[in-house]
Amino acid sequence: AAKKKAPSKKALSPKTLELNVIHINDHHSHLEEEKMELVLNGKKVTLNVGGMPRMIQRITDLKKTNKNNLVLHAGDALSGTLYYTLFKGKADAALMNVGHFDLFALGNHEFDDGNKVLKSFLDALTIPIVSSNVVPDKGSILEGKWKPYLIKNIGGQKIGIIGIDVVKKTKESSNPGDDVKFLDEVETARKYVKKLQDEGINKIIVLSHAGYEKNVEIGEKVDGVDLIISGDTH
């Protein structure tokens, strides 16, 4: 068999790309706007904050005024309001599907009610899902529901986006099935960064629900990462 050629220096040569990354994380089924009290300049004010429709409108506006857009969700869509209690992620999926998201990474709370509820949510979601360190066994109902990474063509260039989930918290505080394996965040990020580099891709984003401290560790220990979108620590 012919040997696969290593990427040429030309393939890995840096080219400037202006990329507009729009991202959220941890919306936790907070689909409606909510009243909140804030103190501004010593004065107590009440205002409405958040809400998925408001956020979708903001994303729409940003995409109109910027080029080379990438819209990312860093995990924990589920668990947190009556919308989740009643609809188990279906309501979240319905709004996320019209929210212009290019990619969604798994968070720990996606596993709160086990594999079956997660599968139902993912089946309703039309957005690509990435998670490189969460690996279902062959035959699991979650097998094939997500990929380790995705390559997007933006502005004539390839961008690799790798998904990472928090391991310890998911295993200890949520309810993943025994047929789902969780791999070390840093080692897995390193493995897939190298895989992308071997394919000649030198613009790499880690879409990570591993939490701030672990993401700092990934940034320090994994060469070749251009951007880390952080979830879990809100």
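The values are calculated or read from the model by the stated rules, or taken from the named source; none is laboratory data. Fair warning: this is a prediction, and the values are worked out from it, not measured in the lab. Here Cβ is always computed from backbone atoms with ideal geometry, including for glycine, and neighbour counts include all displayed protein chains. Ligands, DNA and RNA are stripped out before the accessible areas are found, and what is left, the full protein with its side chains, is counted by its heavy atoms. Shrake-Rupley method; radii C 1.70, N 1.55, O 1.52, S 1.80 Å.
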Within segment 110-140, the residues that are touching a strand residue (DSSP E or B) at 6+ places or on another chain (Cβ under 9 Å) and among the basic types (Lys, Arg) are none
How many residues are open to solvent by less than 80 Å² (accessible area, probe 1.4 Å) and out of contact with any helix residue (DSSP H, G or I) (no Cβ under 9 Å at 6 or more places or on another chain) when one looks only at segment 204-223? 4
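Condition check: outside any helix (DSSP H, G or I) and either open to solvent by less than 60 Å² (accessible area, probe 1.4 Å) or not polar (S, T, N, Q) (or both). Does LYS116 satisfy that?
no
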Selection within segment 190-234 - out of contact with any strand residue (DSSP E or B) (no Cβ under 6 Å at 6 or more places or on another chain) and basic (Lys, Arg): ARG190, LYS191, LYS194, LYS195, LYS214, LYS221
Is it the case, given these coordinates, that SER208 is small (Gly, Ala, Ser) and within 21 Å of ASP92 (Cβ to Cβ)? yes
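Can you confirm whether segment 18-25 contains a residue that is at pLDDT below 95 and under 29 Å from GLY107 (Cα atoms)?
Pass one, segment 18-25, residues at pLDDT below 95: 18.
Filter once more, keeping what is under 29 Å from GLY107 (Cα atoms): 18.
Yes, because at least one residue in segment 18-25 is at pLDDT below 95 and under 29 Å from GLY107 (Cα atoms).
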So which residues in segment 184-203 are open to solvent by 20 Å² or more (accessible area, probe 1.4 Å) and either among the acidic types (Asp, Glu) or under 12 Å from ILE229 (Cβ atoms) (or both)? ASP184, GLU187, ASP198, GLU199
Restricting to strands (runs of 3 or more DSSP E) lying wholly in segment 31-111: which have 2 or more residues that are over 23 Å from ASP165 (Cβ atoms) and open to solvent by 80 Å² or more (accessible area, probe 1.4 Å)? 34-40, 43-49
So for segment 143-165 (the condition being of a type in the set (Gly, Ala, Ser), at pLDDT 95 or above and open to solvent by 30 Å² or more (accessible area, probe 1.4 Å)), does at least one residue qualify? yes
